[in-house]
1. Ser352 to Asp105: FRET efficiency via 1/(1 + (r/R0)^6), r the Cβ-Cβ distance, R0 41 Å, to the nearest 0.05?
2. Between Asn166 and Ser128, what is the label-to-label distance in nm when each label sits 7 Å out along the Cα-to-Cβ direction?
3. In nanometres, what is the gap between the two model label sites at Val333 and Ile33, each 7 Å from Cα along Cα-to-Cβ?
4. For the stretch 68-216, how big is the tail of P(r) above 25 Å, as a whole percent of Cα pairs?
5. For an R0 of 41 angstrom, estimate the FRET efficiency from the Cβ-Cβ distance between Asn203 and Phe77 and round to the nearest 0.05.
6. Once you put a point 7 Å from the Cα of Phe490 and another 7 Å from the Cα of Leu185, both along the Cβ direction, what distance in nm separates them?
7. Loop-only check: which chymotrypsin sites (Phe, Trp or Tyr not before Pro) in the stretch 54-147 are DSSP coil with at most 12 other Cβ within 10 angstrom?
Amino acid sequence: MNVQTTNRRRSSEAGVAMLIAIFVLLLIAVVGIALIVSSGTETALAGNYRSSTAVYYAALAGLEEGRGRLLPSNPNFFNVFPAPPGTPLPVGQVWYITNPANGEDVLTAYPDREFNNEFAGTVTIAGSTVTPIPSVSTVAGIQGPLYRWVRINAVTEASLNLDINNDGNTTDPGVIYYDGTHLTLNPTSSQALEITSLAVLPNGSQKMAQYIVAPVTLNFPAALTFDGNNPQFTASTSPSFFVQGSDLVSVGTCNPGSGVPAVGYTNGSLSDFTKPNNPSGIPTALKNNYNTSGVTPIPSTPDIVPVALQPNLQTVGGLNSLVQTITQNADVVVNGPVIQGGSHNLMPSWMSATNPATVVVNGDLTFNSWRQTGYGILLVTGKLTYDPDTSWNGIILVIGEGLLYSHQGAFTNTQIQGAVFLARTLDATGNPLLPSSAPAFIPPAPPAPPLPLVSGFDFVNTPSSLTNGIQYSSCWIQAVQPLTYKVLSFHEILQ
């Protein structure tokens with residue numbers, strides 16, 4: 001009995017092992033399937049991410065090509081603005097940079113519906129003057145970033161859906177400008193432009209992105225401008241040294257304008273300018289060397305007047321932002337103190353009248369027997385010791401210590417053609433002033449004993465036999481600008 005019972009029990013339990021094995025196999029199969037599905041999902045997500053990233057950067061590359069080609073210094077520059085110079089781009093003129101693949105007509109294959117959406121029927125792409133130009137992204141037959149087109153156009157309140165002039169609506173049809181700080185409808189500022197890029201990948205992924213940009217430009221109200229409180233001036237004793245605001249120099253196709261004052265200052269009074277026979281001021285016999293007359297009859301008093309600056313130049317914060325912008329887009333950036341001349345050379349060899357450079361010196365710069373001509377923008381954050389043997393065509397900015405100094409003689413007829421701008425953004429100990437404050441050439445409460453002159457304009461021992469000085473030139477100022485096109489806003493547009 002016992003043996004038979006045991007055999008029956010073993011016989012009834014014989015299928016359990018198989019069931020357990022089948023269950024384990026099913027479990028393993030389910031886990032395997034889940035892993036395969038998960039892996040496929042991750043692969044799909046990774047692929048989508050790659051496509052999304054690739055199409056995003058392709059659209060961004062289109063925006064940057066459009067922004068870069070607005071600069072005259074770009075070898076692939078194209079001028080979107082109509083003649084004469086200074087005329088704004090009308091809303092009804094639209095530029096496209098086209099980047100076709102396989103010879104397609106991208107404006108037909110990928111029509112721009114966003115333009116009509118933005119302007120809400122006030123302007124249509126069909127009713128606009130459209131100018132296509134080819135992209136430069138394809139090099140040696142190799143396809144570059146896969147954007148299809150880049151549009152450049154003017155903007156209005158309606159297209160941005162912004163009430164720029166705070167009149168309670170967004171219906172003003174005028175184009176929008178940028179004064180260095182804010183968007184405005186004031187046409188004396190630089191025009192803001194819209195750059196829109198459409199990118200399309202072979203797998204069909206699309207991305208549209210958009211910039212609002214404005215040129216970073218500098219306008220000077222005088223040949224020599226002092227920005228800040230209590231600027232100091234020590235005049236040259238040479239009868240051949242001059243500061244002229246008359247605009248007499250042509251550059252390329254640019255013709256001179258009407259001129260500006262010789263010397264301008266913004267706050268307080270300009271020390272020692274009009275004191276007769278004051279050793280640190282303008283000698284009485286030389287006052288006529290500071291005017292806008294040029295070739296017209298010379299007035300009896302120098303043309304030295306208070307002037308107004310664009311908003312971003314009126315505070316230390318605005319000036320520091322300008323220094324940062326110039327530095328970021330400079331061709332040469334060096335730390336001072338540094339000497340230019342003799343065996344020392346920081347100026348780029350390619351710099352020329354048709355290829356100006358932007359040179360930044362963080363600290364002091366001394367020109368020493370550099371008997372050549374510089375072209376472009378020179379920014380010095382320390383003291384600039386200027387050798388009258390040197391000529392410069394363009395813009396000289398001394399922002400920081402704000403001192404332009406020269407006690408040297410000259411051997412050739414040299415001059416600065418363009419404009420000179422001085423601003424002190426440091427206190428007596430070299431620490432930055434508050435960003436919201438106005439620049440100050442002399443601190444309001446200097447320690448005792450009084451500090452020597454550490455800011456302003458100090459030209460004394462320039463020679464009497466040769467002609468040198470500062471000659472205002474709107475054409476040279478224009479030739480070396482804009483510094484860059486600043487991105488005011490960026491956003492992606494839903495498709």
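1. For R0 = 41 Å, the calculated efficiency reads 0.55.
2. Spacing of the two 7 Å Cα→Cβ label points: 3.0 nm.
3. It works out to 6.0 nm between the two label points.
4. 32 percent
5. 0.75
6. Taking the two extended label points, one gets 3.1 nm.
7. Phe77
A short reminder: the numbers here are calculations on the coordinates, not readings from a lab. Worth saying up front: this structure is predicted, and the values here are computed from it rather than measured. All Cβ positions, glycine included, derive from the backbone under ideal geometry; neighbour counts span all protein chains shown.
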